[in-house]
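Here the structure is laid out as structure tokens; the discussion comes afterwards.
The values are calculated or read from the model by the stated rules, or taken from the named source; none is laboratory data. No experiment lies behind these values; they were computed from the predicted model shown. Ideal geometry is used to build each Cβ from the backbone, glycine not excepted, and the neighbour counts take in all protein chains shown.
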Amino acid sequence: MKIGLLRKIQVVVGVVLCAGMLAACDPPMPPELLAQLAEKTYTCVEGNVNVASDQSNSMVVDTLAESLATSCVDSLPAMTITNTGDLATADVQITSSNASVCKAFASVPYGFDAADVAYNVEGTDSLNLGYKTLAKVLNGEITNWNDPAIAKDNPELTLPDLPIVVRVEADANSLEALKLALGYQGAKLDVSKFTGINLFDGSVPAELGAGELAVLPNSVAVTNGLTVLGLNTGKKDSETGERLFALPSEESLYAAGTQLVAKTSGSTLTMALDPKVEAKPMFEGEKAAVPYQAIFPITLTLCGEDTLLKRAAAAFMLRLDSQGALGYLNISQLPETVRYSAVGLVRKGLPIPKVTKKSE
């Protein structure tokens, strides 16, 4: 998940080709197109913006503050970000999907995390369960690691006669994302058997006991070096004959991200995964990985009085998303289609980029 912070911003080719013709276009300019053009330069408004996040994501705010300090300089207005660490008083919040605690005037996705199932079975570090098998394990219908259904999903492994212990406390966002992902495959997860908790407060999950598994965010699992399950699709690659798995890996999460569809309602932009959308690969010419669809949004919320300063800071923060600021936290960046929609929404009221008409 490590992505270079200084990665070059990729601008959609179609925008570049039509930029010279924009002067002849009828207003208003589509927000997504405006966002792409605006990212060719910085939009700075003088002042400081207090930003806070869930404690586990606090490092990204420090990264944003450092980047902004070297961007809005010289002839540009001095715009800065301060990491307050206090969600209650922040101008802008970065939170897990259900953690906003302010009166919002705009809200957009900022990135996304995934639901992992971490486990502890000695001598086993590459366990994959079918969607329905995993649902039965979490529902308490399969209670031992040597169950025939688990053995069928992992024919190369010899699993121990060991009771399965499902941790009742589960991250609420992860639990809901896992429920949806299993549902796409016809498997039903009974979330009433769990107690929802928030694992974005920076705390370290309790150590897993022998045979135990737990539902938690991918960012938390990676940070703490936990071993996690893959999902056995039960299918094989048509060319190689290899079995296909959905894993919480960079490639599979990227593929799932390309299935996200944005929806705007007033000053709020949300996104949801559409499993009918064809997943795309990270690199052109390659085959898309099996999408790991148990994902959920990280949200950027603009709080209190609506000001151009807060909007300019939020637009800058979304720009840094595309340059990999979130990679340091093992959180996936937005697909460009969603990110441009988000930038277009938060930029409302900011100056429209000037486009020089091509000479005849």
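Filtered by the rule that a residue be at pLDDT 95 or above, of a type in the set (Gly, Ala, Ser), assigned to a helix (DSSP H, G or I) and out of contact with any Asp or Glu (no Cβ under 8 Å at 6 or more places or on another chain), segment 155-209 gives 177, 181, 183, 192.
Residue 245 satisfies every condition listed in (1) surrounded by 22 or more Cβ atoms within 10 Å (Cβ to Cβ); (2) touching a Leu at 6+ places or on another chain (Cβ under 8 Å); (3) outside the structural domain of residue 69 (by TED's automatic domain parsing) except (1). Cβ separations smaller than 6 Å between residues 6+ apart or across chains give the following pairs from segment 177-197 residues that are touching a residue at least 12 places away in the same chain (Cβ under 8 Å) to residues that are among the basic types (Lys, Arg): 187/132; 189/179; 191/179. For the residues 206, 214, the requirement of being small (Gly, Ala, Ser), farther than 27 Å from residue 279 by Cα, surrounded by fewer than 17 Cβ atoms within 10 Å (Cβ to Cβ) and in the same structural domain as residue 143 (by TED's automatic domain parsing) singles out 206. Filtered by the rule that a residue be modelled with pLDDT under 90 and in contact with a helix residue (DSSP H, G or I) (Cβ under 6 Å, 6 or more places away or on another chain), segment 69-108 gives 96, 97, 101.
Checking the condition under 18 Å from residue 231 (Cα atoms) and either in contact with a Cys (Cβ under 7 Å, 6 or more places away or on another chain) or surrounded by fewer than 18 Cβ atoms within 10 Å (Cβ to Cβ) (or both), which residue from 181, 149, 187, 135 passes? On inspection, the qualifying residue turns out to be 149. Taking only segment 272-319 into account, find how many residues are among the basic types (Lys, Arg) and under 14 Å from residue 112 (Cα atoms). Qualifying residue count for the region: 0.
The strands (runs of 3 or more DSSP E) found entirely in segment 237-349 that carry 2 or more residues being within 13 Å of residue 108 (Cα to Cα) are 260-265, 268-273, 295-303. Summed over segment 74-131, residues that are in the same structural domain as residue 48 (by TED's automatic domain parsing), of a type in the set (Asp, Glu) and surrounded by fewer than 24 Cβ atoms within 10 Å (Cβ to Cβ) total 2.
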